[in-house]
1. Give a quick list of GluC sites (Glu not before Pro) in region A:125-171 that DSSP marks as loop, anything other than H, G, I, E or B, with at most 14 other Cβ atoms within 10 Å.
2. Could you give each residue of region A:70-82 its phi-based ³J(HN,Hα) in whole Hz, using Karplus coefficients 6.51, -1.76, 1.60 with θ = phi - 60°, and x for Gly or Pro?
3. To the nearest 0.05, what FRET efficiency results for residue A:28 and residue A:264 with a Förster distance of 41 Å applied to their C-beta separation?
4. Of the candidates B:63, B:22, B:81, which one comes out as most mobile in a Gaussian network treatment of chain B with C-alpha springs shorter than 10 Å?
5. Run lengths n ≥ 4 of DSSP H only: what is the helix-derived mean residue ellipticity at 222 nm for chain B, with -39500 (n - 2.57) per run over all residues, to the nearest 500?
6. What percentages make up the Cα-Cα pair-distance distribution of the protein assembly as shown when the bins are 10 Å wide from 0?
7. If you take the square roots of the eigenvalues of the alpha-carbon gyration tensor of region A:37-227 and sort them as a ≥ b ≥ c, do you get rounded (a/c under 1.5), prolate (a/b over b/c) or oblate?
8. What nm value, rounded to one decimal, do you get for the distance between residue A:212 and residue A:52 when each label is placed 7 Å out toward the C-beta?
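All of the numbers you see were taken from the coordinates with simple rules; none came from a lab. For clarity, every value in this text was computed on a predicted model and none was experimentally measured. We place every Cβ from the backbone using ideal geometry, glycine too, and count neighbours over all the protein chains shown.
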Amino acid sequence: MRNRGSIAGIMLTAMLALANTTTMAFDETKYPDWIGQWRRPAGVGNQWDTSKPVSKQEAPLTAEYQAIFEANLADQAAGGQGTDPTYTCLPDGMPRAMNVIFPMEIIIQPNVTHIIIEYLSMLRRIYTDGRQSPNDKDPSFMGYSIGKWIDEDGDGRYDMLEVETRDLKGPRAFDASGIPLHADNQTVVKERIYLDKANSNILHDEVTTIDHALTRPWTVIKSYHRVPNPIWIEAICAEGNQHVRIGSEIYMLSAEGLLMPAKKNQPLPDLKYFKQPRQ
Amino acid sequence: MVTSGVTVAHHSFAMFDKENPIDLEGIVQEFKYVSPHSFILLRVKDQDGATTVWNLEGGAPSILARDGWTSTALKPGDQIILRIAPLQSGAPGGSWSVDKIKFKDGQPIVVGH
């Protein structure tokens, strides 16, 4: 028993030493100060290219996907949701998550950087340990992200995180207007994240999306403002979502929890699996 | 207090007819301060005296909280007036925003609006 206690003691000492070594290995002075809460600027809504109004995004869509986008706009005009899938509480996925409709927090660790977005508690893991993107990774809405820290000005402190994200699943859209990404989900998202040189309370994300729905890579620069004394809110979409998709139609729940039509002259849902009294 | 005055939604609000808003006056049955959007269940007396409970979708707590709202900003029994964008179908549902709602006596729901 005494031996077992000694071995346990040695193992504990070794683990503590290893943990201490790991902690020591992370020199936070080498990384930029991205601590805090980051919000999209006032006046910016849920549009992809924040330099343009939501109705004038001018996405470089192929003819096929431009037609899909226009059909989506017609459906939204009639009261539908078009190609925007998020009304059912599906996550934004990448790259839309970086619209940061609700604030985000960035946690830098030596081998991985986490981006936590309040809306739906969306989590991005950006691996910076030198690994390669796996070939057999199951796709996900947030994708698999590989990052690389860059010391642009050579002052010994990283100032930019370059990220490449692949292995995405759909359905996804760029924003609430329904600008679609290709159904093949072969999207590649490249980002360059850095602090504004003149104002360290502004963070920029230069996002380039490569997707078969686009005629060329689409680059936008998104900006976020650091919030002093932030508050954080839990945002669990399933808690109170009142929009219901049945078949191809989207209905809304009434105050009593019954189905209401959302559109004019909307058809009833198909009730073929309910036993109906004979007329 | 800075507010956008509009409902920034994670999804399209196209099912609500913003071009033809209507005014409602009623008694709060319940204020659901939940994600993805808050809801006011409002008891509204029709012209014929019958009461209809409207289901009215507003901003997310993530937006409202940063405008000073809390889960107790509205309580059952509160009398309010508001301008809503009704459902396109005409069913008793709609959307509201923080700049178009107040208590019946004209007081703001949250100071600053």
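1. Loop-located and lightly packed - A:152.
2. Taking θ as phi minus 60°, the curve returns 5, 5, 4, 5, 5, 5, 5, 5, 8, x, x, 10, x Hz for region A:70-82.
3. 0.10
4. B:22
5. -500 deg cm²/dmol
6. Going from the shortest bin to the longest, the percentages are 4, 20, 27, 23, 14, 8, 3, 1, 0.
7. In terms of gyration-tensor shape, prolate.
8. 2.4
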